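K.L.:
Handing you a structure now.
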Amino acid sequence: MEYLQFLIIIIFSPLVNGVIKKLKAHMQGRKGPGVLQAYYDLARLFRKDMVVSSVASWIFKATPFIVFTATAAAAMLVPVVSTEPGFGMMGDVIALIYLFALARFFMALAGLDAGTAFGGEGSSREMTVAILVEPMMMLALFTAAISAGTTNIARIAAVQSAVYSPSHLLALAAFIVAIIAETGRVPVDNPDTHLELTMIHEGMILEYSGRYLALMEWAHFMKQMVLFTLAVDIFFPAGMARAGGMSIAAASAVYAAKMFGMAVLMAAVESTRAKVRFFQLPSILGGAFVLAFLSLLTHIMMGK
């Protein structure tokens, strides 16, 4: 079972995105698309032909496969419903962050490789955000890792207590901001816009179409669910199947409830906040970095 947990993320990640959109539309007084709309969109894109720029190199064509593979590999490292480490020491928070960095690096290269102004603008903005987000995410995760005495995600979840210290609460707050930034959501980015003055993630994939675009979108859904899973594994591990404990079926139901809770949180943030100007992002992300640093400092000083 532990070797197949990542299939849950691969299969159900579009559903989580559909639930977020439906909840967001409901909060805004709209009907919104159905929760299965993402599956229909992916199927439609896989059937469509691709249009590739005449100046694009092999980087543009290889990037969708690299991004999808790196994100799927990241999904393999994260325990979903069980704390059994299916991939042993490979399930490491540092390896996970580097897989995300690999996918981001090639996406930025592909945005530049297409030879368009929007692609270059999106790549530049994405790397600027990454410089601010990655250290914050690592500090937040290291707080939990030091507390557990390991950087293995499954083992962190297995030993994590339901009683939260001030350091864990600060790390949780910083990690929620990191999730919003990494998934390109309001107020950092707007996943539903194609305006050149506001888009970040969309700018890098604007030249993709057909199967390439489907792989990029699917990888984005998977990354979003991986980050949600990482948050609930480390900060809300109660309800995961353990040796001699809760069954897989019960743990799966708890996991579904946690994912719904994360979807409600993301929809609520997007419905109550407006997109900020790009040059205001360092203030927001810098504040979250301070929270992450304080969480680590508080843990060291208090010893818990």
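K.L.:
Starting from residues that are among the aliphatic types (A, V, I, L, M) and loosely packed, with under 15 Cβ neighbours inside 10 Å, keep the ones in segment 1-36 and report whichever is modelled with the lowest pLDDT.
P.N.:
From segment 1-36, those among the aliphatic types (A, V, I, L, M) are 1, 4, 7-11, 15-16, 19-20, 23, 25, 27, 35-36; that's our starting set.
Checking which are loosely packed, with under 15 Cβ neighbours inside 10 Å leaves us with 1, 4, 7, 11, 36.
Working: Met1: 57, Leu4: 74, Leu7: 90, Ile11: 95, Leu36: 96.
Restricting to residues being among the aliphatic types (A, V, I, L, M) and loosely packed, with under 15 Cβ neighbours inside 10 Å, the top hit is Met1.
K.L.:
Now for a different question. Restricting to segment 47-100, what's the tally of residues that are outside any helix (DSSP H, G or I), over 26 Å from Thr150 (Cα atoms) and β-branched (Val, Ile, Thr)?
P.N.:
Total meeting the criteria: 3.
K.L.:
Pull out all pairs, ordered by first then second residue, where Cβ-Cβ is under 8 Å, the residues are six or more apart or on different chains, the first lies in segment 31-44 and is in contact (Cβ under 8 Å) with a residue 24 or more places away in the chain, and the second is small (Gly, Ala, Ser).
P.N.:
Qualifying pairs under 8 Å: Ala38/Gly18; Tyr39/Gly18; Leu42/Ala214.
K.L.:
A follow-up question, please. If I go through segment 109-125 residue by residue, how many of them are surrounded by fewer than 21 Cβ atoms within 10 Å (Cβ to Cβ) and part of a helix (DSSP H, G or I)? Please lay out each step first, then the result.
P.N.:
Let us first name the residues in segment 109-125 that are surrounded by fewer than 21 Cβ atoms within 10 Å (Cβ to Cβ), namely 109, 112, 115-118, 120-121, 124.
Add one more test, that the residue is part of a helix (DSSP H, G or I), and what stays is 109, 112, 117-118, 120-121, 124.
Residues meeting the conditions: 7.
K.L.:
Quick check on Ile146: is it farther than 15 Å from Pro237 by Cα, of a type in the set (Val, Ile, Thr), in contact with a helix residue (DSSP H, G or I) (Cβ under 7 Å, 6 or more places away or on another chain) and part of a helix (DSSP H, G or I)? Walk me through how you get there before you give the answer.
P.N.:
Working: farther than 15 Å from Pro237 by Cα: yes; of a type in the set (Val, Ile, Thr): yes; in contact with a helix residue (DSSP H, G or I) (Cβ under 7 Å, 6 or more places away or on another chain): yes; part of a helix (DSSP H, G or I): yes.
When the stated conditions are applied, Ile146 passes them.
K.L.:
Within segment 178-207, how many residues turn out to be modelled with pLDDT of 85 or more and either over 18 Å from Ser53 (Cβ atoms) or open to solvent by less than 40 Å² (accessible area, probe 1.4 Å) (or both)?
P.N.:
Start the filter on segment 178-207 by keeping residues that are modelled with pLDDT of 85 or more, which leaves 178-185, 187-189, 204-207.
Now restrict to residues that are either over 18 Å from Ser53 (Cβ atoms) or open to solvent by less than 40 Å² (accessible area, probe 1.4 Å) (or both): 178-185, 187-189, 204-205.
Number satisfying all stated conditions: 13.
K.L.:
Still on this model: What tally of residues in segment 149-168 results from selecting those that are in contact with a helix residue (DSSP H, G or I) (Cβ under 9 Å, 6 or more places away or on another chain) and without any contact (Cβ under 8 Å) to a residue 12 or more places away in the chain?
P.N.:
Kept after step one, since they are in contact with a helix residue (DSSP H, G or I) (Cβ under 9 Å, 6 or more places away or on another chain), are these residues of segment 149-168: 149-161, 164-168.
Keeping just the survivors that are without any contact (Cβ under 8 Å) to a residue 12 or more places away in the chain gives 149-150, 159, 161.
Number satisfying all stated conditions: 4.
K.L.:
For segment 264-296, which residues satisfy the criterion of being assigned to a helix (DSSP H, G or I), out of contact with any Leu (no Cβ under 9 Å at 6 or more places or on another chain) and over 16 Å from Thr183 (Cβ atoms)?
P.N.:
Of everything in segment 264-296, those that are assigned to a helix (DSSP H, G or I), out of contact with any Leu (no Cβ under 9 Å at 6 or more places or on another chain) and over 16 Å from Thr183 (Cβ atoms) turn out to be Thr272, Phe279, Gln280, Ser283, Gly287, Val290.
K.L.:
Taking only segment 165-177 into account, find how many residues are under 23 Å from Val16 (Cα atoms) and either open to solvent by 30 Å² or more (accessible area, probe 1.4 Å) or part of a loop (DSSP other than H, G, I, E, B) (or both).
P.N.:
Within segment 165-177, the subset under 23 Å from Val16 (Cα atoms) is 172-177.
Next, from what is left, pick out any that are either open to solvent by 30 Å² or more (accessible area, probe 1.4 Å) or part of a loop (DSSP other than H, G, I, E, B) (or both): 172-173, 176-177.
Looking only at that region, the number is 4.
K.L.:
Do you know which of the residues in segment 212-261 that are outside any helix (DSSP H, G or I) and buried (at least 22 other Cβ atoms within 10 Å of the Cβ) is modelled with the highest pLDDT? Give the derivation first.
P.N.:
The initial filter retains those residues of segment 212-261 that are outside any helix (DSSP H, G or I), namely 236-247.
Now drop any that are not buried (at least 22 other Cβ atoms within 10 Å of the Cβ), which leaves 240-241.
Working: Met240: 82, Ala241: 78.
Ranking the qualifying residues of segment 212-261, first place goes to Met240.
K.L.:
Considering only residues that are of a type in the set (Gly, Ala, Ser) and out of contact with any His (no Cβ under 8 Å at 6 or more places or on another chain), which ones fall in segment 268-299? Let's see the steps before the verdict.
P.N.:
Keep residues of segment 268-299 that are of a type in the set (Gly, Ala, Ser), which gives 268, 271, 274, 283, 286-288, 292, 295.
Passing the criteria: Ala268, Ser271, Ala274, Ser283, Gly286, Gly287, Ala288, Ala292.
The values are calculated or read from the model by the stated rules, or taken from the named source; none is laboratory data. Being a predicted model, the structure only gives us computed values, none of them experimental. All Cβ positions, even for glycine, are placed from backbone atoms using ideal geometry, and neighbour counts span all protein chains on display. Each accessible area value is taken on the protein alone, full model and side chains, heavy atoms only, with ligands, DNA and RNA left out. Shrake-Rupley method; radii C 1.70, N 1.55, O 1.52, S 1.80 Å.
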